[in-house]
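Throughout, read-outs are computed from the coordinates displayed, never taken from laboratory work. Source: prediction; values computed, not measured. Ideal geometry is used to build each Cβ from the backbone, glycine not excepted, and the neighbour counts take in all protein chains shown.
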Amino acid sequence: MTKPYDKKQYFVLTMDPVHVGTGGYRLGHVDNTIIRECGSNLPKIPGSSLNGVLRAYAAMVVQGDTKVEPQRNEKGLWSIDCKKYQKMTYLRPAYEFLENGHNIINIDKNGQPLIKKDKNNNDIYYSCAGKGIGDGEGHCGQHDCPVCTAFGFSRSDKGSFQGLVQFYDSRILLFPVYTSAGTFWLTSPSLLEDADIKFHVENITENRFVSTIEASSLYLGGIEFEKDPDKSPDLSLSETIPKAIRERTVIVTDSNCSRLINDNLEVRTSVAIDPATGAADDGALFTYEAIPRSTVMWFDVVYNRPEFFRIDNKTLGFDIKELRQTIEKSMGLLEALGIGGMNTRGMGRVRVLNLEVSET
């Protein structure tokens, strides 16, 4: 029996510090904190953040450099190449087409192609990226739109569609910590189990670590950790994770790992600039934290099979392979455009390590 979905696990390497904030100030040593899991208090990137930014990037990928303008056909009627027009998912005019003509456009009183108007008599432009311009009417909601079908839409005339792709939270797997012997990547039994990574280690004790490295002790977060010589991790980490990271991985207890991660987050201090003077605003100093560079994270994506769904009683215009290609191409843009806040302050770029396609 064919499963109605495919699930794939992705591994991510942060190329810059990543800040996905809680949306407000909090009392403490950091003004702008990042989102954490409630149970473990470990930082994460929410699936909603992945969904939102990848929708915009998917629209960029689908549209590419496509730009098409209406042209007069041999009968003098305004027409447009519908295939190219459909690819303009990032921003395209909402032309009013004749009912009996798939690519023939109505004209206004001046004989020009007619664009639909909103309640304020402004031209409507479809944008399948983002939330759909105001009330969501900007999403085209077409059965063959790679963006609207993948990420969903909500329109008054077409109803709503939840989307074929489900993104789950990106969670920490390997966390970099500096020591006098260089950088090592921390993990713990629960982090490995959550990522469904096999390992054969039992009963790690506090302030001890398990690793294949030769060092007998390490100072992690100012505390000396002794190596347990009787235990070997025998980890089956993905080959897509850089070898230099895999060879310097150490396993500690869950409690030690949580404390070390939170104690070694990157914290930056910034100040607002007065545009009139070009100098720092008085009292505008603020601090914010971020997941550091070189952290390895993971997240799951579920791809629902298009053949099980209909929009306006029409089958969707692609298969699950094409759906996955669109999403993975959009993931490739994360390496250049990033995710989260503070992107203009040198934050946010991440690399998805096990893509089957690139953004090009």
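Data table
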| item | result |
| --- | --- |
| Equivalent ellipsoid dimensions for the range 136-175 as semi-axes, Å, which come from the Cα gyration tensor, largest first | 29, 10, 8 |
| HN-Hα J in Hz across the range 169-182 - Karplus 6.51, -1.76, 1.60, θ = phi - 60°, x for Gly and Pro | 4, 8, 10, 6, 10, 10, 10, x, 9, 7, 9, 5, 9, x |
| Cα-based Kirkwood hydrodynamic radius, the chain, one decimal, Å | 23.4 Å |
| Rounded to the nearest 20 debye, dipole of the range 202-318 from Cβ charges on Lys, Arg, Asp, Glu | 520 debye |
| Pairs of Cα atoms farther than 21 Å apart, the range 1-103, % | 62 percent |
| Label point distance in nm, residue 73-residue 125, each placed 7 Å from Cα along Cα→Cβ | 2.7 nm |
| Lys/Arg +1, Asp/Glu -1 at C-beta; the range 284-360 dipole; positive extreme among 297, 308, 343 | 343 |
| P(r), alpha carbons of the range 83-209 - 5 Å bins starting at zero, rounded % | 2, 8, 13, 14, 11, 8, 5, 6, 6, 6, 7, 5, 4, 3, 1, 1, 0 |
| Computed over the range 47-141, the ratio Rg/Rh where both radii use C-alpha atoms and Rh is Kirkwood | 1.02 |
| Proximal aspartates and glutamates to residue 83, defined as alpha-carbon separation beneath 17 angstrom and excluding residues fewer than eight positions away on the same chain | 65, 69, 96, 144, 322 |
| Kirkwood Rh (inverse of mean 1/r, distinct Cα pairs), the range 295-348, angstrom | 13.8 Å |
| log10 of Debye I(q)/I(0), alpha-carbon scatterers only, for the range 135-221 at 0.13, 0.18, 0.24 Å⁻¹ | -0.62, -0.83, -1.21 |
| Mean Cβ neighbour count within 10 Å, used as a protection proxy, ranking 244-254, 290-300 highest first | 290-300, 244-254 |
| Nitroxide proxy distance, nm - points 7 Å out along Cα→Cβ at residue 109 and residue 224 | 8.9 nm |
| Rg/Rg_globular for the range 224-337, with Rg_globular taken as 2.2 N^0.38 Å and Rg from C-alpha atoms | 1.75 |
| Rel. contact order, % - alpha carbon contacts under 8 angstrom, at least six apart, the chain | 27 percent |
| Long pairs among 3/84; 44/131; 7/44; 84/329; 44/84; 84/314, criterion Cα-Cα beyond 29 Å | 3/84; 44/84 |
| Share antiparallel - DSSP beta bridges, the range 152-280, percent rounded to 5 | 75 percent |
| Relative contact order of the range 47-141, defined on C-alpha pairs under 8 angstrom at six or more residues apart (%) | 24 percent |
